[in-house]
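Student: Got a structure for you, written out below as structure tokens; questions coming shortly.
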Amino acid sequence: MAGWNESQLRKYNIKLEKIPTLQYDDPKVDSLLSNNKPVLIKGSKLVSQVLKWDLDYLTEHMNSICCNVLVSKNHKFKYYDQKKITPNMTFKPISRPSPMIFSEFAKKIKDWKKGDSRLYMQQVLNNSISQRIVSDFVMFNWDWIMSKQKTCKWGSLTSNLLLIAQEGNVTPCHYDEQQNMFACIRGYKRFILFPPSEFECLYPHPVHHPYDRQSQVDFDNPDYIKFPKFKKACGYEVIVGPEDVLYIPMYWFHHVESLMHGGCTVSVNFWFKAGSVEKIEYPLLDHQKMVIMRNVEKMLAEALHDPNEVGNMLNTIVLGRYT
Ligand SMILES: O=C(O)C(=O)C[C@H](CCCc1ccccc1)C(=O)O
Ligand SMILES: [Zn+2]
């Protein structure tokens, strides 16, 4: 396909299949969405009114707005929950928040040289951004995305994250607890997705760790001794380009990279709460089992009054008895 080539993708040793690509008005789209299956949707015109959102335009209209920017010593921006860092914990994240005004961010990107720290802007879009950005934002194809929300009985739209990444930036493998319609505005992003059934191959951090929801496996240098099942992980790959919309089902793991040598990428995600009326049928769905596992970890930490005791008790329950 025009616009990118294989040499721009980072090399990982993971079995990958393709994700279906469909036109927005194809009836199969709704059945995939309703069954929590990923799909790349073309032609929705969800963000076609903001294709002009490049660094210059955004600098002009967000110039002095202070934005949430992450800084990383390498190409990985592993998200962490600040609230889960406890005083007696030695937690040394690779990437950290460094709020700055938009024009400073744009300048640092333009002047960036190999060896410099990398930057990644991840800014929630709300009406406190500039008037112009708000007036552009209202021109998203809300009728279409709201019709999807209704058809799939998703909960409310919780936020739109404006993402501006340098070429080559990576958001390591993690899952989110919300439904996500991810729209690319400029540049190309490669997604590697894994269904919830791959949970045991991806070894997410404990729920109480700041890296909750993030895989412990470093895709650039997997530790197959600590994480042997990662060898058999089966993923799905898709390249998302301008105007494409990727549905990322809640609880599906995903690794995201802005293609190398492809310039900055600009994207916006649409996070929706899960539907409230989730009928329970048996056998349970894999993402429902992830919710149960999360609740067991939370309940045990609460009952033991110490998250560090959870592993010991789980081992006591399982080893030699269930194994
Ligand atoms: O839209 C998604 O879900 C993605 O993962 C897109 C990802 C950035 C998300 C950063 C993030 C991850 C977890 C919690 C809060 C913020 C990218 O595009 O690099
Ligand atoms: Zn995510």
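The values are calculated or read from the model by the stated rules, or taken from the named source; none is laboratory data. Please read these numbers as outputs of a predicted model, since none were measured by experiment. Counting neighbours? That spans all protein chains shown, and the Cβs are built from the backbone with ideal geometry, glycine included.
Student: Count, please, the residues in the stretch 92-130 that happen to be over 11 Å from ILE65 (Cβ atoms), in contact (Cβ under 8 Å) with a residue 40 or more places away in the chain, assigned to a helix (DSSP H, G or I) and of a type outside the set (Val, Ile, Thr).
Tutor: Summing the residues that are over 11 Å from ILE65 (Cβ atoms), in contact (Cβ under 8 Å) with a residue 40 or more places away in the chain, assigned to a helix (DSSP H, G or I) and of a type outside the set (Val, Ile, Thr) in the stretch 92-130 gives 2.
Student: Scanning the stretch 158-190 for residues that are surrounded by fewer than 19 Cβ atoms within 10 Å (Cβ to Cβ) and over 27 Å from MET139 (Cβ atoms), which turns out farthest from ligand 1 (Cβ to nearest atom)?
Tutor: GLY168
Student: Looking at the stretch 261-268, can you tell me whether even one residue there is more than 16 Å from ligand 1 (Cβ to nearest atom), modelled with pLDDT of 95 or more and not in a strand (DSSP E or B)?
Tutor: Step one: filter the stretch 261-268 for residues more than 16 Å from ligand 1 (Cβ to nearest atom), giving 261.
From what is left, the residues that are modelled with pLDDT of 95 or more are 261.
Checking which are not in a strand (DSSP E or B) leaves us with 261.
So far as the stretch 261-268 goes, yes, one or more of its residues are more than 16 Å from ligand 1 (Cβ to nearest atom), modelled with pLDDT of 95 or more and not in a strand (DSSP E or B).
Student: Can ARG294 be described as within 21 Å of the chain's Cα centre (by Cα) and either assigned to a loop (DSSP other than H, G, I, E, B) or not small (Gly, Ala, Ser) (or both)? Break it down into steps so the answer makes sense when it comes.
Tutor: Numbers: within 21 Å of the chain's Cα centre (by Cα): yes; either assigned to a loop (DSSP other than H, G, I, E, B) or not small (Gly, Ala, Ser) (or both): yes.
So ARG294 passes the test.
Conditions tested, residue by residue: (1) over 14 Å from the mean Cα position of the chain (by Cα); (2) hydrophobic (A, V, I, L, M, F, W, C); (3) not in a helix (DSSP H, G or I).
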site	(1), (2), (3)
PRO172	no, no, yes
GLU177	no, no, yes
ALA183	no, yes, yes
ARG190	no, no, yes
LEU193	no, yes, yes
PHE199	yes, yes, no
HIS209	yes, no, yes
VAL217	yes, yes, yes
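Student: Only one of LYS92, LYS76, LYS18, LYS11 is among the charged types (D, E, K, R) and surrounded by 14 or more Cβ atoms within 10 Å (Cβ to Cβ); which? Give the steps one after another, and end with the answer.
Tutor: Details: LYS92 fails: surrounded by 14 or more Cβ atoms within 10 Å (Cβ to Cβ); LYS18 fails: surrounded by 14 or more Cβ atoms within 10 Å (Cβ to Cβ); LYS11 fails: surrounded by 14 or more Cβ atoms within 10 Å (Cβ to Cβ).
None of the others qualify; the one that does is LYS76.
Student: Being closer than 30 Å to GLU167 by Cβ and either away from ligand 1 (no atom under 16 Å from the Cβ) or not hydrophobic (A, V, I, L, M, F, W, C) (or both) is the filter here, so list the residues in the stretch 269-302 that pass it. Explain how you work it out, then say what you get.
Tutor: Taking the stretch 269-302 as the starting set, the residues that turn out to be closer than 30 Å to GLU167 by Cβ are 269-272.
Result: ASN269, single match.
Student: Right, TYR224: in contact with a Phe, Trp or Tyr (Cβ under 9 Å, 6 or more places away or on another chain), among the hydroxyl-bearing types (Ser, Thr, Tyr), at negative phi and surrounded by fewer than 22 Cβ atoms within 10 Å (Cβ to Cβ) or not? Before you say what the answer is, go through the steps one by one.
Tutor: Working: in contact with a Phe, Trp or Tyr (Cβ under 9 Å, 6 or more places away or on another chain): yes; among the hydroxyl-bearing types (Ser, Thr, Tyr): yes; at negative phi: yes; surrounded by fewer than 22 Cβ atoms within 10 Å (Cβ to Cβ): yes.
Answer is yes for this residue.
Student: From LYS153, LYS148, grab the single residue that is of a type in the set (D, E, K, R), touching a residue at least 40 places away in the same chain (Cβ under 8 Å) and either part of a strand (DSSP E or B) or buried (at least 20 other Cβ atoms within 10 Å of the Cβ) (or both). First the steps, then the outcome.
Tutor: On the way: LYS153 fails: either part of a strand (DSSP E or B) or buried (at least 20 other Cβ atoms within 10 Å of the Cβ) (or both).
Testing whether each residue is of a type in the set (D, E, K, R), touching a residue at least 40 places away in the same chain (Cβ under 8 Å) and either part of a strand (DSSP E or B) or buried (at least 20 other Cβ atoms within 10 Å of the Cβ) (or both) leaves just LYS148.
Conditions tested, residue by residue: (1) surrounded by fewer than 20 Cβ atoms within 10 Å (Cβ to Cβ); (2) within 16 Å of ligand 2 (Cβ to nearest atom).
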{"site": "SER258", "(1), (2)": "no, yes"}
{"site": "VAL266", "(1), (2)": "no, no"}
{"site": "ALA301", "(1), (2)": "yes, no"}
{"site": "MET313", "(1), (2)": "yes, no"}
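Student: What single numbered condition from (1) within 22 Å of PRO196 (Cβ to Cβ); (2) in a helix (DSSP H, G or I) fails to hold for PRO283?
Tutor: Among (1) within 22 Å of PRO196 (Cβ to Cβ); (2) in a helix (DSSP H, G or I), the lone unmet condition for PRO283 is (2).
Student: If you don't mind, another one. Can you pull out every residue in the stretch 245-256 that is in a strand (DSSP E or B) and more than 8 Å from ligand 1 (Cβ to nearest atom)?
Tutor: Selection gives VAL245, LEU246, TYR247, PHE253, HIS255.
Student: Please give the number of the condition ILE133 fails out of (1) modelled with pLDDT under 95; (2) surrounded by fewer than 18 Cβ atoms within 10 Å (Cβ to Cβ).
Tutor: (2)
Student: Could you grab the pairs with beta carbons closer than 6 Å, sequence gap of 6+ or different chains, first residue in the stretch 277-294 and touching a residue at least 40 places away in the same chain (Cβ under 8 Å) and within 17 Å of TRP252 (Cβ to Cβ), second one assigned to a loop (DSSP other than H, G, I, E, B) and among the aromatic types (Phe, Trp, Tyr)?
Tutor: What qualifies is HIS287/TYR251; MET290/TYR251.
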